[in-house]
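Student: Take a look at this one; I'll ask things after.
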Amino acid sequence: MASLKDLLAQRAALDEQIAQTKDRERGEAVAKVKSLMAEYGLTVADLSMRAPKAVKTSKVAAKYSNKATGETWSGRGLQPKWLKAAISGGAKLEDFHV
């Protein structure tokens, strides 16, 4: 069985080998990337991430309208407060249909 001192020396040697191998492989990778960039005429700007195009959303036509205030609701999602208040006050949903 190896002593602690021997194991620490082995670890130090391995850490040094890892650092050297990492530097060598990174250098090779950079050289490969530069070669490919030259081959295809790419620049650093070509490698930057571009923002995805915004997805177009279409507006939904209003199905219900408060004629007094001009507020509208498409009928999707939660009912707006003005419509809830009117319905709880005795009005019918059909009264606000556009």
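Student: Once Lys and Arg get +1 and Asp and Glu get -1 on their Cβ, which of Q79, T21, V33 lies farthest toward the positive end of the dipole of the chain?
Tutor: Farthest towards the positive pole: Q79.
Student: Give me Rg over Rh for segment 4-47, both radii from the alpha carbons and Rh done the Kirkwood way, two decimal places.
Tutor: Ratio of gyration radius to Kirkwood radius: 1.37.
Student: Could you pull the Rg and Dmax for the chain, using just the Cα atoms, both in Å?
Tutor: Cα only, the chain: 34.0, 90 Å (Rg, Dmax).
Student: List the residues, sorted by chain then number, that are 5 or more residues from E71 or on another chain and whose placed amide H is less than 5 Å from its amide H.
Tutor: Amide H neighbours of E71, under 5 Å, 5+ apart: N66.
Student: Oh, and also: How tilted is helix 4-40 with respect to the longest principal axis of the chain? Cα atoms for both, answer in degrees (0 to 90, nearest 10).
Tutor: Tilt of helix 4-40: around 60 degrees.
Student: What is the dipole size for the chain, taken about its Cα centre, with +1 at each Lys and Arg Cβ and -1 at each Asp and Glu Cβ, in debye to the nearest 20?
Tutor: With only Lys, Arg, Asp and Glu charged at Cβ, the dipole is about 700 debye.
Student: Order these peptides, 55-62, 14-21, by their mean beta-carbon neighbour count within 10 angstrom, highest first.
Tutor: Taking the mean over residues of other Cβ atoms within 10 Å, the ranking is 14-21, 55-62.
Student: Oh, and also: Could you give the dipole magnitude of segment 4-47 about its Cα centre, charging the beta-carbon of Lys and Arg +1 and that of Asp and Glu -1, in debye to the nearest 20?
Tutor: I would put it at about 80 debye.
No value in this document is a laboratory result; all are computed from the given coordinates. Worth saying up front: this structure is predicted, and the values here are computed from it rather than measured. Methodologically, a virtual Cβ is constructed for each residue, glycine included, from the backbone with ideal geometry; neighbour enumeration extends over all protein chains shown.
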